[in-house]
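Beneath this line is the structure, given in structure tokens, with notes to follow.
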Amino acid sequence: SQQGEEDPQALSIQEGENATMNCSYKTSINNLQWYRQNSGRGLVHLILIRSNEREKHSGRLRVTLDTSKKSSSLLITASRAADTASYFCATVLATDSWGKLQFGAGTQVVVTP
Amino acid sequence: EAGVAQSPRYKIIEKRQSVAFWCNPISGHATLYWYQQILGQGPKLLIQFQNNGVVDDSQLPKDRFSAERLKGVDSTLKIQPAKLEDSAVYLCASSRAPYGYTFGSGTRLTVV
């Protein structure tokens, strides 16, 4: 089974609205990362949050991490049509010294103009 | 900074044929990864190299998949013979800790 599980599987919103997606994981982590994938393209790194951090911001993105609940959330504020993509969370386990990323199944986000 | 280069972009082969994918990581990135992404799923790690040594190939189907990283730079992933279930996007990524990965655009493989 996968380490990370995203929720919801799919999200449809209108431009200007906020989009929130969640990620839960099973095993203690060193860090958690969020990636975006446009259709037919490679993944783009968005944010990395370490296990001792609780919140990080990057432009219109806000990521939170709750290690007690083993969960993270990604918030995209004031969404744009260009934000249409699949979003994946990925974790590096606390026991993994090589930094191997384990991905969830992703949340497919559609932003309509 | 140039990105991770992958080729070919697309490949269609018949089952039981062989295929090879090539990856050139970002200069200076010691760690290189090959991921398999089946449609509708998240990427699954196949193999991880640190310089030219393998550090994790536990999920690589070694009866048909092989990979090498020459001189700690370029890498090739080979499938021989291919099966229908190998149809997927094969993603190469490189990283320099403690930063995130940089992915290439991937090779979309269709096995018919």
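For this structure, a couple of remarks:
- Highest-MSF residue in chain B out of B:38, B:26, B:47 [GNM, Cα springs under 10 Å]: B:38
- Once the Cα gyration tensor of chain B is diagonalised, semi-axes √(5λ) in Å: 23, 14, 13
- Spin-label proximity, residue B:50 to the range B:1-39 - amide N less than 11 Å from point 7 Å beyond Cα toward beta carbon: B:31
- Partner shielding of A:43-50 amounts to 4, given as the average count of beta-carbon atoms from other chains within 10 Å of each residue beta-carbon.
- Efficiency of FRET from Cβ geometry, residue B:58 and residue B:30, R₀ 25 Å, rounded to 0.05: 0.80
- Per-q log10 I(q)/I(0), the protein assembly as shown, q = 0.13, 0.14, 0.16 Å⁻¹ (Debye; single scatterer per alpha-carbon; no solvent): -0.76, -0.87, -1.11
- Paramagnetic label zone (point 7 Å from Cα along Cα-to-C-beta, residue B:18; backbone N under 20 Å) in the range B:41-71: B:47, B:60-71
- Residues of chain A were split at every exposed loop site, defined as trypsin sites (Lys or Arg not before Pro) in a DSSP loop with at most 12 other C-beta atoms within 10 angstrom, and the longest piece left, sites excluded, is A:1-53.
- The range A:6-113: chymotrypsin sites (Phe, Trp or Tyr not before Pro) in DSSP coil with no more than 15 other Cβ atoms inside 10 Å: A:98
- Set A:70/B:83; A:69/B:78; A:100/B:78; A:56/B:78 screened for pairs whose C-alpha atoms are more than 30 Å apart: A:70/B:83; A:69/B:78; A:56/B:78
- Within chain B, longest stretch clear of exposed trypsin sites (Lys or Arg not before Pro) (DSSP loop, no more than 12 other Cβ within 10 Å): B:17-61
- Estimated D of chain A in µm² per second, where Rh is the Kirkwood radius over Cα pairs and Stokes-Einstein applies at 20 °C, 1.002 mPa s: 153 µm²/s
- Rounded D (µm²/s) - the range A:57-113, Kirkwood Rh over Cα pairs, Stokes-Einstein at 10 °C, 1.306 mPa s: 120 µm²/s
- With both residues required to sit in the protein assembly as shown, DSSP beta bridges show an antiparallel share near 90%.
- Our coupling estimate for the range A:83-89, obtained by passing each phi through the Karplus curve with A = 6.51, B = -1.76, C = 1.60 and θ = phi - 60°, is 7, 4, 4, 9, 10, 10, 9 Hz, Gly and Pro reported as x.
- Computed extension length for residue A:22-residue A:52: 8.9 nm, one decimal, from 0.36 nm per residue of separation with the Cα-Cα distance subtracted.
- Rounded to the nearest whole angstrom, the semi-axes of the ellipsoid equivalent to the range B:19-64, taken from the Cα gyration tensor as √(5λ), stand at 19, 14, 11, largest first.
- Other protein chain C-beta atoms within 10 Å of residue C-beta, averaged over A:100-113: 3.
- Other protein chain Cβ atoms within 10 Å, averaged over every residue that makes up B:35-42: 5
Each reported figure results from applying straightforward, stated rules to the coordinates on display, with no laboratory input. Note that this is a predicted model, so its numbers are computed, not measured. Neighbour counts are summed over all protein chains in view; Cβ atoms, including those assigned to glycine, are modelled from backbone coordinates with ideal geometry.
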